[in-house]
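The structure under discussion appears below in the form of structure tokens.
The values are calculated or read from the model by the stated rules, or taken from the named source; none is laboratory data. None of these values were measured; they are calculated from a predicted model. Counting neighbours? That spans all protein chains shown, and the Cβs are built from the backbone with ideal geometry, glycine included. The accessibility values were calculated without ligands, DNA or RNA, using every heavy atom of the protein model including side chains. Shrake-Rupley method; radii C 1.70, N 1.55, O 1.52, S 1.80 Å.
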Amino acid sequence: MSSPLSKPQIIAHIQKSLNYTVFDSKWIPCSAKFVCLGNFARGTGVIQIYEVQHGEAQLIKQVEKPKPIKCGTFGAASLQQRHIATGDFDGNLHIWNLEAPDVPVYTTKAHKEIVNSIDGVGGLGIGDGAPEIVTGSRDGTVKVWDPRQKDLPVANMEPVGGETRRDCWTVAFGHAFNDQDRCVCAGYDNGDIKLFDLRNMSLRWETNIKNGVCCVEFDRKDININKLVATSLEGKFHVFDMRTQHPTKGFASISEKAHKSTIWQVRHLPQNRDIFMTAGGAGNLHLWKYEYPAQRSKKDSDGVDVGVAGSVNLLQNVNLSTQPIASLDWSPDKQGLCLCSGFDQSVRVLIVTKLNVA
């Protein structure tokens, strides 16, 4: 019998109440600092920078912006600059130097409506190729931006004329393991998941999980495409094994009913791609581990390779709040250090123990 203490524990280390609605929070790479993004009740945006000192989160900088800020990423920034790219309620993409955040170092009108989701690749030493940012919007489009190129996206994925524009809720980069290959996955309010191949500028795969897709994330951005987790409104998440794509069946997957409410976020542990955390609408976090099957593919009746899905084990869960936890971010530098923020207007620094034995 293993004792409960031999399992990973999720410990709320610091809790900080905020005087605004926080939509996203991110660790600043190579530092003990994090940034919170959101909006004040008066309808303006806010960027706050905190530093963890002596078991407390100290506010070291705050700037107010004209529009509420929905999402942010450091994924396209160099480790020297560590600029954050943000998407706001007015459809703008801005890149900020957090040392001097009064004026953006890059700005473009990315979308006609709110930018719901943003991701970056090619920075922080993660993923080969150019630094790029992907944005997904309520206007139904998914666009890829190169910060070295002004105003025009390098790729624009939108419905063809006559097709219904679905609200794009989530975007993620993956498959950036060499200079040529790169994929973007997008999830929509009607349950559609689309995988765009940026090398061939084509739709590589699509499926529907019958419920609004709140978050998609590859287990790693900078490896040959391996696994994808998609979370949805009804408390379900799906893990797709992306190594074997069948011509008609697509990718093998498993689904797990985890939370009794919307699963807002999924984030893979940077130090172990088979461990991930989901954040729920009832203020809870679940820590999972993916177990691979004995064989990841087999031949179907026609002799064509078809993927075999593994299973997921719940390692730990904790309830932190009565309100949804809308953002989640693992520290890239310290294993087990985690940041989450939610609609109780709080940001929390968490410590997750025993991840190396999970």
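Distance distribution P(r), the range 109-193, all Cα-Cα pairs, bin width 5 angstrom from 0: 3, 15, 25, 25, 17, 10, 4, 0, 0 percent. About its Cα centre, the dipole of the range 133-212 is roughly 80 debye, where the only charges are +1 on Lys and Arg Cβ and -1 on Asp and Glu Cβ. Couplings 3J(HN,Hα) of the range 216-232, computed from phi: 10, 8, 6, 5, 8, 7, 10, 10, 3, 3, 10, 9, 9, 10, 10, 10, 9 Hz, in residue order, whole Hz [Karplus 6.51 cos²θ - 1.76 cosθ + 1.60, θ = phi - 60°; x for Gly and Pro]. For the chain, the Cβ-based charge dipole about the Cα centre amounts to some 540 debye (Lys, Arg positive; Asp, Glu negative; other atoms uncharged).
Considering only 68, 106, 238, and ranking their Cα positions along the charge dipole of the chain that arises from unit charges at the beta-carbon of Lys, Arg, Asp and Glu, the one farthest toward the positive end is 238. Mean-square fluctuations from a GNM of the chain, with a 10 angstrom spring cutoff on Cα atoms, peak among 129, 174, 342 at 129.
Taking one equal scatterer on every alpha-carbon of the range 313-358, how large is log10 of I(q)/I(0) by Debye at q = 0.29 1/Å? So the normalised log intensities work out to -1.14.
Charge tally for residue 76 (other residues, Cβ to Cβ under 14 Å; Lys, Arg +1; Asp, Glu -1): +1. Along the range 251-263 the Karplus relation, 6.51 cos²θ - 1.76 cosθ + 1.60 evaluated at θ = phi - 60°, assigns HN-Hα couplings of 9, 5, 8, 10, 10, 9, 8, 10, 9, 7, 9, 3, 9 Hz to successive residues, with x for each Gly and Pro.
From the square roots a ≥ b ≥ c of the eigenvalues of the alpha-carbon gyration tensor of the range 44-133, which class results: rounded (a/c under 1.5), prolate (a/b over b/c), or oblate? Walk me through the intermediate numbers first.
Details: a/c = 1.93, a/b = 1.11, b/c = 1.75.
Oblate is the answer for the range 44-133, as a/c is 1.5 or above yet b/c matches or exceeds a/b.
Shape index of the range 109-257: Rg/Rh, with Rg the Cα radius of gyration and Rh the Kirkwood radius from the inverse mean 1/r over Cα pairs, equals 0.94.
By the scheme Lys and Arg +1, Asp and Glu -1, what is the net charge of all other residues having a beta-carbon under 14 Å from that of residue 15? Mind dumping the intermediate values first?
Numbers: positive: 16, 348; negative: 56, 344.
Combined, the nearby Lys, Arg, Asp and Glu give 0.
Residues whose amide H falls under 5 Å from that of residue 116, counting only those 5 or more places apart or on a different chain, are 136, 137, 138, with hydrogens built in the peptide plane. Using θ = phi - 60° in the Karplus curve 6.51 cos²θ - 1.76 cosθ + 1.60, the 3J(HN,Hα) couplings for the range 275-286 round to 10, 9, 10, 10, 10, x, x, 9, x, 10, 10, 10 Hz; x is entered for Gly and Pro.
With a sphere of radius 15 Å drawn around the Cβ of residue 107, what net charge do the other residues whose Cβ falls strictly inside it have (Lys, Arg +1; Asp, Glu -1)? Result for the local shell: +1.
Per residue, how much accessible area does the chain show when a 1.4 Å probe rolls over the protein heavy atoms, in square angstrom? Provide the component values of the computation, followed by the final result.
Details: 15070 Å² over 358 residues.
That works out to 42 Å² per residue.
Identify the trypsin sites (Lys or Arg not before Pro) of the range 1-104 meeting these criteria: DSSP loop state and at most 11 other C-beta atoms within 10 Å of the C-beta. Answer in residue order: 42. Subtracting the Cα-Cα distance of residue 152 and residue 317 from 0.36 nm times their residue separation leaves 55.1 nm of extension gain. Would you work out what percent of the accessible area of the range 241-311, with all protein chains in place, is carbon or sulfur (probe 1.4 Å)? Roughly 45 percent, rounded to a whole number.
Only Lys, Arg, Asp and Glu count, each charged at its Cβ (+1, +1, -1, -1), so figure out the dipole size of the range 57-178 about its Cα centre, rounded to 20 debye.
Working: 13 positive and 15 negative charges, 30 e Å.
About 140 debye.
Near residue 84, the amide H atoms lying under 5 Å from its own belong to 96, 98; only residues 5 or more places off or on other chains count, and H is placed 1.01 Å from N. Taking the 1.4 Å solvent-accessible surface of the range 65-143 as the whole, the part contributed by carbon and sulfur is 48%. Only Cα pairs within less than 10 Å get springs; with that Gaussian network setup on the chain, which residue of 278, 322, 170 has the largest fluctuation? Maximum among the listed residues: 322.
Using the structure shown, select from 257/334; 67/109; 16/354 the pairs with a Cα to Cα distance greater than 22 angstrom. Intermediate results must be reported in sequence, preceding the final value.
Working: 257/334 30 Å; 67/109 13 Å; 16/354 25 Å.
Pairs exceeding 22 Å: 257/334; 16/354.
The mean sequence distance of close C-alpha pairs (under 8 Å, at least 6 residues apart), as a share of the length of the chain, puts its relative contact order at 14 percent. Using a Gaussian network model of the chain in which every pair of alpha carbons under 10 angstrom is joined by a spring, one finds that among 127, 307, 75 the greatest mean-square fluctuation is at 307. In this structure the amide hydrogen of residue 79, modeled in the peptide plane, comes within under 5 Å of the amide hydrogens of 124, 125, none closer than 5 places in sequence on its chain.
If you plug the beta carbon distance of residue 353 and residue 160 into 1/(1 + (r/R0)^6) with R0 = 51 Å, you get a FRET efficiency near 0.55. Reducing the range 93-163 and the range 270-309 to their Cα centroids gives an inter-centroid distance of 29 Å.
On a full-extension model of 0.36 nm per residue, what is the gain between residue 190 and residue 63, subtracting their alpha-carbon distance, rounded to one decimal in nm? Provide the component values of the computation, followed by the final result.
Numbers: separation 127, 0.36 × 127 = 45.72 nm, distance 3.57 nm.
Gain on extension, residue 190 to residue 63, equals 42.2 nm.
Packing, taken as the mean count of other beta carbons within 10 Å per residue, orders the peptides 211-219, 187-195, 240-248 from highest to lowest as 211-219, 187-195, 240-248.
Straight-line cross-link reach from residue 299 at under 20 Å between alpha-carbon atoms covers these aspartates and glutamates, not counting any fewer than eight positions away in the same chain: 241.
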